[in-house]
Amino acid sequence: MSPAGRRTSGDWWSDETEENHRPPAARGRGSRRGFGQTWWGRAWVDALEHRAALDPGRLSRGRSYARRGAVGQMDVAPGLVMAAVQGSRAVPYTVTVRVPRFRRDDWERVLDAIAAQIGRTAALLDGELPPEVVSDVAAAGLDLLPGAGEIQPRCSCPDWGDPCKHAAAVCYLVADALDKDPFTLLRLRGKSRADVLSALRARRTPGPGSSAGPSAGLAGSSAEGVVARDAYAGASEPRPELPAPPLPPERPGHPVTVAFDPPPESGIDPEVLRALATAAAHRAWQLATATPGDPDHEGEADA
Amino acid sequence: MPQVPVGLSVRPSNVPQVPVGFEPVGVEAVFVPADPPRTGTIALWEPSRAGSGSGNAAGSGGDATVEVVLPAGSRVRRSVVPARLLTIAEAIDHFTAEPDPMAPVSHRAWGAAALAGLGLVAHGKLAPARSPQGFGAWRVGPLDPADHAWLRELAAAMPPLAHAVPITGSRPVRIHTAEGLIRAFWDAIADTLARPDGAYADTLTNARTRTSPRPLAAKAEPFALPDPARLDGPTDWLDEIEQFERAGARLVLRIEPPSGGVDEVEPVDEEPEPVDTEAGSFRGLLRLRSTTDPSLLVDVADLWTAPAAVLTRLGAQAETDLLLALRRGARAWPPLGTALTAATPTGVDLGDDDLEDLLTRGAEALDGAGIEVLWPTELFGTGLKLRARAATPTPAGAAQPTFSMRDLLTFRWQPTIDGEALTDDEIAALAEAKRPFLWLRGRWVKVDRDVLARLRRRTPRTLGAAEALAAALTGELEVDEERVEFTAEGPVAQLAERLRAAESDLAISTPADLQATLRPYQQRGLAWLAHLTGLGLGGCLADDMGLGKTLQLIALHLHRRPLGQGPTLVVCPTSLLGTWQRELAKFAPTIPVRRFHGAGRHLDETAPDEVVLTTYGVVRRDHDELATATWGMVVADEAQHAKNPLARTARALRSIPSATRVALTGTPVENHLTELWSILDWTTPGILGSLDRFRRRLAVPIERYRDPDATARLGRLSRPFLLRRRKSDPGIAPELPPKTESDVVVPLTTEQATLYKAVVDEVMEEIRSSEGMARRGLVLALLTALKQVCNHPAQYLHEAGPLPGRSGKLAALDELLDVILAEGESVLVFSQYVEMCQLLQGHLDARGVRTLFLHGGVGAKKREQLVTAFQAGEAPVFLLSLKAGGVGLTLTQATHVVHFDRWWNPAVEDQATDRAYRIGQDRPVQVHRLVTEGTLEDRIADLMRAKRDLADAVVGSGEAWLTELSDAELADLVALGSPT
């Protein structure tokens, strides 16, 4: 039903030009900015424009839409990016961009490749995704960044262009998201950052890595105990003398926790943890070395 | 050569020196875990009330209870018992109070666990965790092998009662293991301490860097706020903390100096290659130490070149352990982060700034991250230390510098390396050093800015003489909260030496005017006292009761008479005034004696060699007047009356100046360190430092932690000033007679004197106007009445109470029992009157002393039970009211006998007492006879001595001989005389 040929802008029923169309209540940043400030963002844009085999003309329309802030809330889930984009209609359009996820054994190879390098794992645990990871993944025979046909944008708008400018805008904004958090890419490919990290840890440590259960160190979780009758059976045997408590340190110590950092998603501020632990050490030291109270003034008999 | 008496041997506080008969307060303790950990509680409960069903909790209102599993024959039974529940904070307060050595094992065990838990948190060994129900919580960790070993020791020493908390739903019923419960308690402690209380919930100071308080960001509620809060979000980062604990290897950073390291195979005394000390950088070599075998150290380089060998020795996770350790280390000390950039790191280069940082702050931070920093001693030595040297400011030209306890000394700092002093050139080189390390004497020596700053400080530091002497005795001085080595010089050193060698005293001759022969140990005591007092120092004579402290003191007074330093003031309990006076009259009749006590007391015209007797009560009231006199010596008898340093008595005593001070006490003063401080700080002011510092550095470490180093230091400090001989000492026991009898002469109270006079007046009147049988009856009635008044007004008036403060004899008995029971000995108390024994029993019960009571009306079977109980040590005091001629009893457990009142037939009396205990038991026995001053008891004693032979002739006729006295003799006998 649309007229043959292309329109330069707007919807088929609208004669507005790009220049004077202003989506209501949406403003973007500077009009000529580029996308992708970090290596990852740029790598994504590169993949988008050159490798994904998308129509460059349509893509470029998406750039201006993205620049003017037409894209609202954007969610990245495994294999799927979803966003609401404000077009000329009152109700925003829904855009989905699909990217194939890695299969399970693909991920195994990817994680193996990453885990092999001590520096890589260290960086990941530190919250960084070094670009070398791409080559690690390539060594496993896979491509972290999307290749031909791997980016599939869809939009609820009537425009038949592929991608329509709304979808194209969302594609560009993924670069922004990657700038903020490169792990978004891994998430797209199917694993959240937490998943990746625990998988990496599990590789270096066999053993219960389940984060669902209580920390094994918490004593309350050991519920076996000992049969009471047996415990009392040996009650009359002579017991060794009570050991004297170990001397407190010369001064309060540094909590080991100082060196461990909760990730941002946990919502726990490491600085606060450190401060709490340090204060606890001080408090304990004072209690352990404090002198007992003054002897009270006993009633003095008339001796 | 008799055994040198040790002045100090501190009992470990958990081994009860249970005075016989003091049964432990039966309060058991157990920990009840909960989720979150901080809501766990300590329950205090009494097994004796376990069967009482509902009832008030031990010591508190309300009906809190705890469920425990108790033995029932060969089975077990779950019981809900009344208990007092303590929150973790309350429990910490409870267990850090003065430890009770007589509490049951479970109670002491949880006390030790509490202190150990505090220690772990104080070390910083706490970590965030997730509780079983998903709450945020803190726990202790990581524990190193030493912590685990101690935990096992404590668990092994815990009786089942201490961890008898049932696990819900278990069949057959199971209880928590001791180890598990202790760990849970520790976690609860960590969880409680990490959460600030309401008062400062909003601000936290970063105590390490002292940044300003910042509002508690709402970013860690599950770990910060008191209310339980679930952990949302990922929690696997918590597991990483555990990873550290389970690590098979720990990271070690070994610092290597620029010369490329010294080949450890080279013998140490060979000259190392000349070192280019200007160029070259230090290097931190990465090594791994096995946690299961700490002697195993492996270079990380080997991990890359020969991984298989390393992994088998350190565990398959060695690489992960290394990785995580490097991350932690880099966070704690950033220069370590360079190791992470390499694919196969082996070490890090350290620039001068890095070294400086490592020395000051970095090593501690790395320690907190669990990374050891090694400075091999063959390269670095033990470091630069400062010693303090003291010198007396001597007047120029003085041939023999004198040293008095009022002097001030200066001390200066002396830098040493490995114990040897540095030359001036070396010190100059240090001061000019630009790098953090300097090559000195074949080692790299750390250039410590603090040390150099101290050296450069101009103003000399002064020390009081007592402090200097204390430092010379222990070899240590505390400066600015730090303990440094101390070398004494000159007179201080000589004095310390003389004090240390005091055991081999020059013997001194017995003073000529002493009317007694001193036993050898008393000679030594006299020599020791003379030596100390002659030096202007004071001391404490702490011999057991019965070894003759009074006699030694009297000898000392006579010995010091020629010095002409002034009269001696003796402060003692009121009940001993009479005894002192009698003994002075007996042993030193040439010495004038007066009592400064009672109305009309004065100090006018005190002779220069006089002994003035007064009481603690008078000292409290009249210390101003006493302070105006010039005393040659002040003696505090039964000095435990001044054991509370803050009370008025002690303060008043301190305010009386004198040339020297001697304290006498029979109680084992070394078991109560605050008491020890109070006494020694009075005799030799300043020798034990301030009370606060004494508590912090000595009392708490010794009493709470049984620190052997602190015990040794206290011994060195106090031994020269404390002489304690025990009856059981091998050099002394043979010299003691099997039985020592002494009269304790006590004054009457005003009430007693009034009653006494009234009775005398009334009945003498009647006696004069009667004769024959009636007269005899009246005489006996009079004597009986007076004896009862002398015992206690309540006995005479047939009242049940009140008892304290109304009888001199009762006060004297209390004094005696205090010392006897404190030494853990047993005593027989005789009275002719059942009623008096009953009053005594009530009185002692009220004071918490267990007693047994045997009188004529007790059947044979019960009598045997009582005797068995006493011999088994179930009660320290046995009250006996027996007519003469009772069946012989074996009561050899007693080493003391008190005759509260006396039979006036001497043979009968001897028989009764000798039959009651077997003489010739292997321990000497002391017999104390309480005699009221100025009364008929006083005079009859003389009479009896005079008529001892007559007594033989009247065995069996009781006291009838008294009824034969004439009116005049009788009047003399019963007249109430005033003390001289």
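The values are calculated or read from the model by the stated rules, or taken from the named source; none is laboratory data. Please read these numbers as outputs of a predicted model, since none were measured by experiment. All Cβ positions, glycine included, derive from the backbone under ideal geometry; neighbour counts span all protein chains shown.
A few points about this structure:
Listed here are the residues, each with its yes/no results for (1) assigned by TED's automatic domain parsing to the domain that holds B:G180; (2) modelled with pLDDT under 65; (3) in contact with a Cys (Cβ under 6 Å, 6 or more places away or on another chain); (4) crowded, with 16+ Cβ neighbours inside 10 Å.
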| position | (1), (2), (3), (4) |
| --- | --- |
| B:V10 | no, yes, no, yes |
| B:V18 | no, yes, no, no |
| B:P33 | yes, no, no, yes |
| B:L44 | yes, no, no, yes |
| B:R49 | yes, no, no, yes |
| B:A64 | yes, no, no, yes |
| B:R75 | yes, no, no, no |
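- Annotation: of all residues in the stretch B:112-135 being assigned to a helix (DSSP H, G or I) and in contact with a strand residue (DSSP E or B) (Cβ under 9 Å, 6 or more places away or on another chain), the one that is nearest to the other protein chains (Cβ to nearest Cβ) is B:V121.
- Taken together, the residues in the stretch A:75-102 that are buried (at least 18 other Cβ atoms within 10 Å of the Cβ), aliphatic (A, V, I, L, M) and not in a strand (DSSP E or B) amount to 1.
- Residue match in the stretch B:660-673 (condition: part of a loop (DSSP other than H, G, I, E, B) and within 14 Å of chain A (Cβ to nearest Cβ)): yes
- For the stretch B:464-481, the count of residues that are assigned to a strand (DSSP E or B), modelled with pLDDT of 85 or more, within 30 Å of B:L537 (Cα to Cα) and touching a Phe, Trp or Tyr at 6+ places or on another chain (Cβ under 9 Å) is nonzero.
- Residue check, B:D729 out of contact with any Asp or Glu (no Cβ under 6 Å at 6 or more places or on another chain) and in a loop (DSSP other than H, G, I, E, B): yes
- Where helices (runs of 4 or more DSSP H) fall entirely within the stretch B:793-881, those with at least 1 residues that are within 32 Å of the chain's Cα centre (by Cα) are at B:808-822, B:834-846, B:860-871.
- Residue check for B:T205: of a type in the set (S, T, Y) and at pLDDT 90 or above: no
- Candidates A:G62, A:G72 - the one that is touching a His at 6+ places or on another chain (Cβ under 8 Å) and not in a loop (DSSP other than H, G, I, E, B): A:G62
- Top-ranked residue in the stretch B:216-239 [being touching a strand residue (DSSP E or B) at 6+ places or on another chain (Cβ under 7 Å) and at pLDDT below 75; ranked as farthest from the other protein chains (Cβ to nearest Cβ)]: B:L216
- Leading residue by the ranking (nearest to A:A288 (Cα to Cα)) among those in the stretch B:141-193 that are in contact with a Phe, Trp or Tyr (Cβ under 8 Å, 6 or more places away or on another chain) and in a loop (DSSP other than H, G, I, E, B): B:P142
- Counted residues, the stretch B:612-670 - those being closer than 20 Å to B:H557 by Cβ and of a type in the set (G, A, S): 8
- Residue count for the stretch B:326-361, restricted to those that are within 14 Å of chain A (Cβ to nearest Cβ), within 27 Å of B:P307 (Cβ to Cβ) and either more than 44 Å from the chain's Cα centre (by Cα) or polar (S, T, N, Q) (or both): 15
- Some residue of the stretch B:684-700 being part of a helix (DSSP H, G or I), surrounded by 20 or more Cβ atoms within 10 Å (Cβ to Cβ) and polar (S, T, N, Q): no
- Among the residues of the stretch A:38-59, the ones that are closer than 13 Å to A:A177 by Cα and assigned to a loop (DSSP other than H, G, I, E, B) come to 1 in all.
- Screening B:G848, B:G859 for residues that are of a type outside the set (V, I, T), surrounded by fewer than 19 Cβ atoms within 10 Å (Cβ to Cβ) and on the phi < 0 side of the Ramachandran plot leaves exactly one candidate, B:G859.
- So B:A199, is it loosely packed, with under 15 Cβ neighbours inside 10 Å, at pLDDT below 85 and facing another protein chain (nearest Cβ under 8 Å): no
- Here A:A113 meets each of (1) at pLDDT 75 or above; (2) small (G, A, S); (3) touching a Lys or Arg at 6+ places or on another chain (Cβ under 6 Å) with one exception, condition (3).
- Entry remark, the stretch B:162-183: residues being facing chain A (nearest Cβ under 8 Å) and surrounded by fewer than 24 Cβ atoms within 10 Å (Cβ to Cβ) number 8 in total.
- Among the residues of the stretch B:586-615, just one is free of Cβ contacts under 8 Å to residues at least 40 places away in the same chain and aromatic (F, W, Y), namely B:F596.
- If the condition is being facing chain A (nearest Cβ under 7 Å) and either basic (K, R) or surrounded by fewer than 24 Cβ atoms within 10 Å (Cβ to Cβ) (or both), then the stretch B:136-159 contributes B:R139, B:P142, B:W150, B:E153, B:L154, B:A156, B:A157, B:P159.
- Residue satisfying all of: in the stretch B:873-929; closer than 17 Å to B:V834 by Cβ and among the basic types (K, R); modelled with the lowest pLDDT among these: B:K883
- A:A123 being out of contact with any helix residue (DSSP H, G or I) (no Cβ under 6 Å at 6 or more places or on another chain), buried (at least 16 other Cβ atoms within 10 Å of the Cβ), part of a helix (DSSP H, G or I) and within 14 Å of chain B (Cβ to nearest Cβ): yes
- Set B:R595, B:R560: member being closer than 18 Å to B:D743 by Cβ, surrounded by 18 or more Cβ atoms within 10 Å (Cβ to Cβ) and not hydrophobic (A, V, I, L, M, F, W, C): B:R595
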